[in-house]
Amino acid sequence: LAIYRPTAAWMKSQTTPLPLVRFCGGLAITGLLASLVYARTRRTASIEMLVAERTAELTENRRQTENLLSQLPGMAFRCLADDNFTPLYISSGVRELTGYEAQEFLTGRLRYEDLIEADDRAVVRSATLNAVELRQPFEIEYRVRHRDGSVKWALDRGAGVFAEDGNLLFHAGLAVALRS
């Protein structure tokens, strides 16, 4: 029976710092990745908090704006600059002027232009488009047929709203009942 034991010199020659270097390098990389993940998580949480705050502010601003517009003595509006003047926003004041709910116009079930007396439609369209072309506000008086069949005079004041590049984005204004 023979027992072999390595000598101290041979053991020393076989020892290398490479495993320790690999371990320390791996530990350092793991630490850096953990720091990166932590920083990203904090940034994401910070952005989510800002988005939540801005969303709450926007919701409150919309509520306040809608409340203010609902107190106006007429219909505040915003419509696309297309051939149909497609409504983007109509305040609840449209009910006083026309007898119809804003939603009926916004869904396309009704067109406001169809309630304008036939004799006045071309004048209203022309005056609006001319004012927008000249980049000036418009002010027009015309007759509107109410849901109950009566006719009301309306005063419509508004203007085109333009993008920074000069393109017309939409028309915005206020139409109020003057007299029946």
0 to 90° range, to nearest 10: angle between helix 18-70 axis and the chain longest Cα axis: 10
Fraction of accessible area attributable to carbon and sulfur, segment 64-180 (%, probe 1.4 Å): 50
By average C-beta atoms within 10 angstrom, highest first, the peptides 22-33, 126-137: 126-137, 22-33
Accessible-area ranking of Arg157, Arg111, largest first, probe 1.4 Å: Arg157, Arg111
The chain, helix-only ellipticity at 222 nm - DSSP H runs n ≥ 4, -39,500 (n - 2.57), divided by all residues, nearest 500: -16500 deg cm²/dmol
Convex hull (Cα only) mean projected area of the chain, reported in nm² to one decimal: 22.2
Rounded to 10°, Cα long-axis angle of helix 118-133 versus longest principal axis of the chain: 50
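The values are calculated or read from the model by the stated rules, or taken from the named source; none is laboratory data. This one's a predicted model, so the numbers in the text were calculated from it and none came from an experiment. Virtual Cβ from ideal backbone geometry, glycine too; neighbours counted across all protein chains shown. These area figures cover heavy atoms from the full protein model, side chains too; ligands, DNA and RNA do not enter into them. Shrake-Rupley method; radii C 1.70, N 1.55, O 1.52, S 1.80 Å.
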